[in-house]
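Before any comments, here is the structure.
The values are calculated or read from the model by the stated rules, or taken from the named source; none is laboratory data. All values reported here derive from a predicted model rather than from experimental measurement. Methodologically, a virtual Cβ is constructed for each residue, glycine included, from the backbone with ideal geometry; neighbour enumeration extends over all protein chains shown. In case anyone asks, the SASA skips ligands and DNA or RNA and just uses the protein heavy atoms, side chains included. Shrake-Rupley method; radii C 1.70, N 1.55, O 1.52, S 1.80 Å.
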Amino acid sequence: MPCFGRLPLPDDHAFANGAAFPEPANLLAACARARGLRAGLLLSAVWRQFRAGASLGDGVWLSLRARLINLSAGAVRIGDRAVLRGTLRVEPGGALSIGRDVYVGDDVILSAGEGIDIGEGTLIAHGVQVFDNDTHPLDATERLRHFRMIRGLETGRIRIATAPVRIGARAWIGLNCLIMKGVTIGDDTVVAAGSVVTRDLPAGVVAVGNPARPISEAIARAPG
Ligand SMILES: CC(C)(COP(=O)(O)OP(=O)(O)OC[C@H]1O[C@@H](n2cnc3c(N)ncnc32)[C@H](O)[C@@H]1OP(=O)(O)O)[C@@H](O)C(=O)NCCC(=O)NCCS
């Protein structure tokens with residue numbers, strides 16, 4: 001087995017872009033933990049954003065690049081000991097629930113227009129994107145109208161397709177996977193790196209490819 005060697009900070013690990021940090025008591029503590037004023041200010045700002053926008057369990061760690069954009073008051077729940085390094089965005093009316101002991105890697109995007117639910121103990125590797133919505137309308141005229149609204153040239157309402165995403169407990173979503181709207185992924189399931197999940201995956205399988213299909217059973221041992 002290869003060993004990844006000595007880690008630069010106690011709460012850093014292989015393939016993570018820097019450490020993730022517990023909530024600092026104050027700015028001084030933030031600067032001490034993050035080793036510098038700039039990083040300390042950023043760490044404080046990141047934690048403020050999550051405190052303001054989410055209901056947080058105990059022992060959560062956030063990286064300096066974690067982001068929470070929550071436009072849906074009271075709709076983000078983060079479980080105990082979650083490690084969050086990516087961008088979490090919740091649109092008005094959307095909800096996001098992350099179970100305890102969940103890992104969300106660098107450059108992950110979770111985009112909740114309706115609802116994303118991630119079960120306890122699940123690992124979401126770096127670069128994964130989970131979208132429970134299409135972001136733009138399918139209809140070309142509406143899409144142009146949407147762009148004009150984004151630019152502030154028009155006002156009004158736009159209909160964007162959404163369908164909730166559920167990822168079970170103890171799943172592992174490999175790096176750079178895309179999880180599309182309306183999908184349910186079962187407990188203990190492994191999705192191979194770079195897969196595109198467009199349909200439900202059952203519990204306890206290894207799934208690969210685009211579209212992701214089960215190829216074998218996953219290994220799930222009873223604890224102890
Ligand atoms: C899913 C995974 C664990 C499977 O590993 P494994 O059990 O050793 O599987 P194998 O390499 O024997 O591959 C089994 C089959 O799946 C295919 N396969 C494996 N990974 C694949 C992928 N990402 N996309 C498409 N096919 C894949 C292989 O080609 C092989 O097909 P074959 O039987 O027709 O030859 C591994 O491929 C993977 O994706 N790991 C994720 C690593 C990661 O994301 N790390 C990020 C840090 S958290």
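Here are the numbers for the structure shown:
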| quantity | calculated |
| --- | --- |
| Helical mean residue ellipticity (222 nm; -39500 (n - 2.57) per DSSP H run of 4+; nearest 500) of the chain | -5000 deg cm²/dmol |
| DSSP-defined beta bridges in the chain - what % are antiparallel, rounded to 5 | 15 percent |
| GNM top mover of 212, 161, 193 - the chain, alpha-carbon springs below 10 Å | 161 |
| Charge context of residue 182, other residues only, Cβ under 15 angstrom, K/R +1, D/E -1 | -2 |
| Simple Cβ-charge dipole of the chain, Lys/Arg +1 and Asp/Glu -1, about Cα centre, in debye nearest 20 | 640 debye |
| Heavy-atom accessible surface of the chain: percent carbon and sulfur, 1.4 Å | 56 percent |
| Gaussian network model of the chain, Cα within-10 Å springs - most flexible of 98, 150, 78 | 150 |
| Sequence of 201, 28 when ordered by accessible area, the most exposed leading, probe 1.4 angstrom | 28, 201 |
| Cα gyration tensor category, rounded, prolate or oblate, for the chain with a/c compared to 1.5 | oblate |
| Segment residue 28-residue 141, extension gain: residue separation times 0.36 nm, minus the distance between their alpha carbons | 35.4 nm |
| Cα gyration tensor shape of the stretch 68-113, rounded if a/c is under 1.5, else prolate or oblate by comparing a/b with b/c | oblate |
| Among 76, 46, 197: highest mean-square fluctuation, GNM of the chain, C-alpha pairs under 10 Å | 46 |
| Phi-based couplings in Hz for the stretch 16-27 (Karplus 6.51, -1.76, 1.60; Gly and Pro marked x) | 9, 8, x, 7, 10, 10, x, 5, x, 5, 6, 5 |
| Surface per residue (accessible, 1.4 Å probe) for the stretch 90-224, Å² | 53 Å² |
